[in-house]
Amino acid sequence: PKSWQGRRTIIRFNGVRTGFFLYVNGQKAGYSEDSFTPAEFDITKFLKDGKNSIAVEVFKNTTGAYFEMQDMPHTMGIFRDVVLLSRPQAYIRDYFADISLSENLESAKLSLDVFLNKGANAEVSASIFDQNGKAVFKASQTASKSSAKIGGEIKNFKLGSPDKPNLYTLVLELSEGGKVCEA
């Protein structure tokens with residue numbers, strides 16, 4: 001679509017057994033052979049205006065095939081969803097959130113590492129909401145060298161249990177020039 005121009009186009013295979021080559025418009029765009037882990041490829045440079053073709057060559061036997069011989073049917077092929085994504089030039093590549101509880105279990109310390117794609121220089125905002133949708137934490141940090149570290153304390157942190165879960169929602173936003181690129 002025209003709205004995807006100037007953005008990155010990613011294709012994600014959520015499961016292909018056991019190995020495969022990806023071709024976009026007749027050009028080899030990638031290879032993967034870990035069938036139970038999603039495989040993502042940035043296919044932006046292979047696309048052209050108008051119609052495009054995507055082909056997948058799936059292999060039954062690869063070096064990884066013998067590692068995945070657990071108790072399961074030995075079916076081959078694409079067995080999970082394939083998704084086409086449009087992402088901004090700057091995007092959140094990965095993140096890691098760690099919570100450590102205070103000794104009295106009434107507050108928690110958040111340590112958040114956010115990793116951006118190479119060359120991204122943007123602001124990362126983190127918000128945590130309780131089960132009622134009330135914000136219990138908000139902070140932001142300008143990324144340097146494609147990563148940002150955000151930390152702080154969450155007061156009145158409520159523990160959960162299997163019988164009465166108490167779940168929190170983490171929302172990350174990436175902004176460039178005051179405009180949200182991704183959330």
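The values are calculated or read from the model by the stated rules, or taken from the named source; none is laboratory data. It should be emphasised that the depicted structure is a prediction, and the values quoted were computed from it without experimental measurement. Cβ atoms come from the backbone with ideal geometry, glycine included; neighbour counts cover every protein chain shown. Please note that ligands, DNA and RNA were not included when accessible areas were found on the heavy atoms of the full protein model with its side chains. Shrake-Rupley method; radii C 1.70, N 1.55, O 1.52, S 1.80 Å.
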| message | If VAL58 meets every condition in (1) modelled with pLDDT under 95; (2) within 24 Å of LEU174 (Cα to Cα); (3) assigned to a strand (DSSP E or B) apart from one, which number is that one? | response | (2)
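Table: residues versus (1) surrounded by 15 or more Cβ atoms within 10 Å (Cβ to Cβ); (2) out of contact with any Ser or Thr (no Cβ under 9 Å at 6 or more places or on another chain); (3) within 30 Å of GLY6 (Cβ to Cβ).
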{"site": "ARG93", "(1), (2), (3)": "no, no, yes"}
{"site": "ALA148", "(1), (2), (3)": "yes, no, yes"}
{"site": "ILE154", "(1), (2), (3)": "yes, no, no"}
{"site": "SER161", "(1), (2), (3)": "no, yes, no"}
{"site": "LYS164", "(1), (2), (3)": "no, yes, no"}
| request: Please give the number of the condition ASP49 fails out of (1) assigned to a strand (DSSP E or B); (2) at pLDDT below 90; (3) over 30 Å from VAL136 (Cβ atoms); (4) not polar (S, T, N, Q). | output: (1)
| said: Just the residues that are open to solvent by 50 Å² or more (accessible area, probe 1.4 Å) and touching a Leu at 6+ places or on another chain (Cβ under 9 Å), please, taken from the range 5-52. | reply: ARG8, ARG12, LYS28, TYR31, GLU40
| said: What's the number of the only condition in (1) touching a residue at least 40 places away in the same chain (Cβ under 8 Å); (2) within 16 Å of LEU110 (Cβ to Cβ); (3) of a type in the set (D, E, K, R) that LYS138 fails to meet? | reply: (1)
| Index of the failed condition, VAL124 passing every other in (1) closer than 26 Å to ILE43 by Cα; (2) at pLDDT 95 or above | (2)
| request: Being in a loop (DSSP other than H, G, I, E, B) and either over 14 Å from ALA143 (Cα atoms) or touching a Lys or Arg at 6+ places or on another chain (Cβ under 7 Å) (or both) is the filter here, so list the residues in the range 167-177 that pass it. | output: LEU167, TYR168
| Answer from LEU116, LEU84, LEU174, LEU110 - the residue that is open to solvent by 80 Å² or more (accessible area, probe 1.4 Å) and of a type in the set (A, V, I, L, M) | LEU84
